[in-house]
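Here the structure comes first, spelled out in structure tokens, and everything after it is commentary.
Any read-out appearing in this document is the output of simple, stated calculations on the displayed coordinates, not a laboratory observation. As the structure is a prediction and not an experimental result, all values here were calculated from the model. Using ideal geometry, Cβ is built from the backbone for each residue, glycine included, and neighbour counts are taken over all protein chains shown.
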Amino acid sequence: MWRLLRSTDGDARFDLVEAAAGNGRLARDVLDAAAAEKPEFYRAIDLHLVERSRAARDAQAATLGPHAGKVASSGADIPPAIRGAIFANELLDALPPHVLEMTGDGLREVYVDVDQQGADFVERLGPLSDARLGTHVDDRNITLEPGWRAEIVPAAADWVRQAIGRLERGFLLLIDYGHEARELYSATHAAGTLATYRRQRVEDAGDGMPPPWLAAPGECDITAHVDLTLVRDAAEEAGASTLGILDQTYFLLGLGAAERVGGDPGEDDVAALRRRLALKSLLVPGGLGSTHKVLIFGKQVGTPALAGCSYRIRATR
Ligand SMILES: C[S@@+](CC[C@H](N)C(=O)[O-])C[C@H]1O[C@@H](n2cnc3c(N)ncnc32)[C@H](O)[C@@H]1O
């Protein structure tokens, strides 16, 4: 991406924007790799970290260590006039969903209420909080049978439109769990996809127990699968073109990950084995390789041949 922009307008600088950057761990890994393998690219980077959590932002300088000087900005919003790439890992699935349920009387929204004793949180069905949710379901041809649940996340489309708007020229790369709408809103996901994670594991409510997001609010990550169709439509409406929508497996294979499984020259056996296992867990189809999708959009860049997009549209269910 850096070479492409530089070759067309001669400007060597490159804004690298991580959204939902947390404490900067992924940005540090990216900068470590750039410094070791592409020093010219490393020198060109202006790093921007976008993160809502103040506590996470405060931890970024310590995490980045020797790269802290690369930070051009750190704030809660994407800066304007970005020329480079904006990327985010697991941002869209963390945005707040509206949970809808189809009933015999039509579409209802799931609200959080307290039980009669005022002791515990409970779910309560009520009218749609915003008429646009019903329009969204109708306009996008989402068909829900009675009893089915679905999450609608207008905030995801808003975020994508804003990101493309802030991009003057360059790329948006998103990595997230998700499905195309026809799969997400099908019988396979009739119970919806809202889930909570604690220490990287999905929590299970157990029979007769309240769902974890009601039992321990504020103590777990709440997530809902991303509607990839909505994201693509929002990006294209905002003026971007879709360059790739891929399972993580195909994104990494396109980038040549398979050739790196063997380890690097000079690496000892244990380090090589560790790398092989780590890469395998990201690559393996059916596991993280299939659940994680990579979406790549371009603005004012034409239709370049990117290695990571070699397989272009290749998202399995
Ligand atoms: C599931 S975490 C992912 C963190 C990191 N990208 C990773 O892969 O480990 C989601 C992060 O997004 C941040 N976040 C949520 N909404 C955001 C927004 N609108 N803009 C920026 N960051 C946001 C949260 O504070 C949290 O750090």
Have a look at the DSSP beta bridges in the chain and tell me what percent are antiparallel, nearest 5.
-> 55
Cα axis of helix 25-37 to longest principal axis of the chain: angle in degrees, 0 to 90, nearest 10?
-> 20
Reachable lysines from LYS299, Cα under 25 Å, same-chain residues fewer than 8 places away excluded?
-> LYS38, LYS70
Could you state the per residue volume, in Å³, of the convex hull enclosing the Cα atoms of the chain?
-> 159
Average silhouette area of the stretch 1-85, convex hull of alpha-carbon atoms, in square nanometres | 5.1
In degrees from 0 to 90, rounded to the nearest 10, what is the angle of the helix 269-283 Cα long axis to the longest principal axis of the chain?
-> 50
Residue with peak Gaussian network fluctuation, the chain [Cα springs, cutoff 10 Å], from VAL294, VAL160, VAL30 = VAL30
Fewest to most neighbouring Cβ within 10 Å: what's the order for ASP204, ASP46, ASP247?
-> ASP204, ASP46, ASP247
The chain: angle of helix 154-166 to the longest principal axis, Cα-based, in degrees nearest 10 = 30
Likely footprinting exposure, LYS70, LYS293, fewest C-beta neighbours within 10 Å first | LYS70, LYS293
Using only helices, what value at 222 nm comes out for the chain when you add -39,500 (n - 2.57) per DSSP H run of length 4 or more and divide by the total residues, to the nearest 500 deg cm²/dmol?
-> -9000 deg cm²/dmol
